[in-house]
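Engineer: Below is one structure. I have some questions about it.
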Amino acid sequence: MIRKIGFAIICLFTTGMYAQDGSVSPYSYFGLGELRSGATVENQMMGGIGMYADSIHVNLRNPAAYSKLGVRGRDDFGITTYTAGLSYKQTSLKSYTESQSTAVTNLDYLSVGLTIKEGFGVGFGIIPYSSVGYNFESLIGTEGSQEINQYSGEGGVNKAYVSVGYEFAKNLSLGVTLNYNFGRIETLKVQSTEGVLLGSKDERVSRINGVDLNYALSYTPAIDETHTLHTSLRINTQANLTARNTQRIGSFIGSPAQERFVNEVDLYSQGLKDTGVTIPTTTTLGVGYGKDMKWFLGVEYSFQKLTDFSNEFLEIDNIEYKDASTLALGGFYTPERNSFGSYFKRVTYRAGLRLEKTGMYVNEKDINNFGITFGLGLPLGNNLSNLNLGFEYGKRGTTAADLIEESYFKVNLGLSLNDQWFKKRKIN
């Protein structure tokens, strides 16, 4: 037990040190970057819904689900669930005049869930919250004397979390997650003019940290002997983060790497050395129905008053934030979980869809996102562990108003390993 937990902690620490460049989207230019899923592959493949909980899967979106981990009715048996996820995302970027394709591979999450006793579970891990990764340019003026503005950025924000879930009454569970947000965002703007050797550059770095809380309440009453109603309310409280900022501006000759005059900007005098970053509260309501360990169908609605988002240091002129919302529908089907004659009857088949208003209003156009998901849960060994394979196809943005439309195809691979970590010894 101690060796396993120690190994898990080392893995989490090592993962937290990796450079977060998990986006190729030009829309990661806005806000804190492109927001990542924050869900396991199992949940992602059901459209991202998070109200469903069972005994063998960690649910990163719903801390109340930790109360369902483990085998019911046996005080001498505890389950440790190790889960990790990878993704490969291929994106086609299309403007009104041209198109190109690019791809990125990411580590999506690394997590551990522990059953303390029946109805009481805890978890900890690390999840990327956002990723910045863009490189584009804009041209102003006529050919031969155009002003060229080049924009690039990298980095992102991660969440290291600890969750607790407890079933304090029959079928009624409460969960709380404490998130520590940390990360670094670097941006660069280079300005030059055709035929002129001298250009200018503006480099900015923000080191972001702070905490927020995620509360969840789940009610799962039995409708009859085999069917259950699943309901949940989740509230991710407003995150008031802090950013320690630096800025360098200067000039170059020929290439941005050939710096000539570069000065560190006195941000203290401008009140911008330490600034606040506000991420508004997100509320999620979910309801679903299903037959235990057989099939499930659910729908969730999330809303966020994104008009309250603020980042004083990285203000951008051509964006306005509106209220954001997401409608997700998804479910799963397992033909026969304990089948001895057919492996494919023990496979779990998942599917879903997601309609998202991102809340970004760029060049007077709403940036919306639509995704279709589907995947397989492949049992390993004794059915407690499984390999989860998922696929997602979606579109975001528009080619109107000089914007970019993204068409993406994402492949997800998740591993969920369950093991017994405590068994009470009996002496005859």
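Engineer: Which residue, chosen from N240, P280, S145, occupies the Cα position most advanced towards the positive end of the dipole of the range 137-287, where the dipole is computed from +1 (Lys, Arg) and -1 (Asp, Glu) charges on Cβ about the Cα centre?
Structural biologist: My answer, from the dipole projection, is N240.
Engineer: With all protein chains present and a 1.4 Å probe, how do E147, E42 order by accessible area, largest first?
Structural biologist: Correct descending sequence by accessible area is E147, E42.
Engineer: Still on this model: Explain nothing, just the number: dipole magnitude of the range 191-339 about its Cα centre with +1 on each Lys and Arg Cβ and -1 on each Asp and Glu Cβ, in debye rounded to the nearest 20.
Structural biologist: 280 debye
Engineer: Of the listed values (1) 32, 26, 20; (2) 44, 23, 19; (3) 54, 32, 21, identify the label whose number matches semi-axes √(5λ) of the Cα gyration tensor in Å calculated from this model.
Structural biologist: Step by step, semi-axes √(5λ) of the Cα gyration tensor in Å for this structure corresponds to label (2).
Engineer: If you don't mind, there's one more thing I want to ask. When we measure straight from the Cα of K365, which lysines land under 20 angstrom away, once same-chain ones fewer than 8 places off are left out?
Structural biologist: In chain and number order, the partners are K94, K305, K322, K357, K395.
Engineer: Once the Cα gyration tensor of the range 67-159 is found, what semi-axes does its equivalent ellipsoid get, as square roots of 5 times the eigenvalues, in whole Å, sorted largest first?
Structural biologist: On the way: eigenvalues 495, 34, 15 Å².
Equivalent ellipsoid semi-axes, largest first: 50, 13, 9 Å.
Engineer: If you don't mind, there's one more thing I want to ask. Would you work out what percent of the accessible area of the chain, with all protein chains in place, is carbon or sulfur (probe 1.4 Å)?
Structural biologist: Ligands and nucleic acids excluded, carbon and sulfur give 57 percent.
Engineer: Per DSSP helix of 4 or more residues, -39500 (n - 2.57); summed, then divided by the residues of the chain. What does that give at 222 nm, rounded to the nearest 500?
Structural biologist: Estimated from H runs of four or more residues: -1500 deg cm²/dmol.
Engineer: In addition: Where the only charges are on Cβ atoms (+1 Lys, Arg; -1 Asp, Glu), what is the dipole of the range 296-428 about its Cα centre, to the nearest 20 debye?
Structural biologist: 1540 debye
Engineer: Compute the whole-percent fraction of alpha carbon pairs in the range 112-172 spaced more than 14 Å apart.
Structural biologist: Everything past 14 Å amounts to 73 percent.
Engineer: Placing +1 at every Lys and Arg Cβ and -1 at every Asp and Glu Cβ, with all other atoms neutral, what dipole size does the chain have around its Cα centre, in debye to the nearest 20?
Structural biologist: Values: 40 positive and 42 negative charges, 466 e Å.
The calculation lands at about 2240 debye.
Engineer: Report, in degrees rounded to the nearest 10, the 0 to 90 angle that the Cα long axis of helix 2-15 makes with the longest principal axis of the chain.
Structural biologist: Once rounded, the angle reads 20 degrees.
Engineer: Net charge within 10 Å of L139 by Cβ-Cβ distance, Lys/Arg positive one each and Asp/Glu negative one each, not counting L139 itself?
Structural biologist: So the surrounding residues net to -4.
Engineer: Which order do the peptides 287-294, 50-57 take when ranked by the mean count of other beta-carbon atoms within 10 Å per residue, highest first?
Structural biologist: Averaged packing, sorted descending, gives the order 50-57, 287-294.
Engineer: Among S111, T91, Y129, flag the residue with its Cα farthest along the positive direction of the charge dipole of the range 60-166, charges on Cβ as +1 for Lys/Arg and -1 for Asp/Glu.
Structural biologist: S111
Engineer: Sticking with the crude label model, points 7 Å out along Cα→Cβ, report the distance from T97 to V287 in nm, one decimal please.
Structural biologist: Once both label points are built, they end up 5.1 nm from each other.
The values are calculated or read from the model by the stated rules, or taken from the named source; none is laboratory data. Note that the structure is predicted; figures quoted are calculated from it, not measured. Glycine also receives a Cβ, built like all others from the backbone with ideal geometry; neighbour counts cover every protein chain displayed. Please note that ligands, DNA and RNA were not included when accessible areas were found on the heavy atoms of the full protein model with its side chains. Shrake-Rupley method; radii C 1.70, N 1.55, O 1.52, S 1.80 Å.
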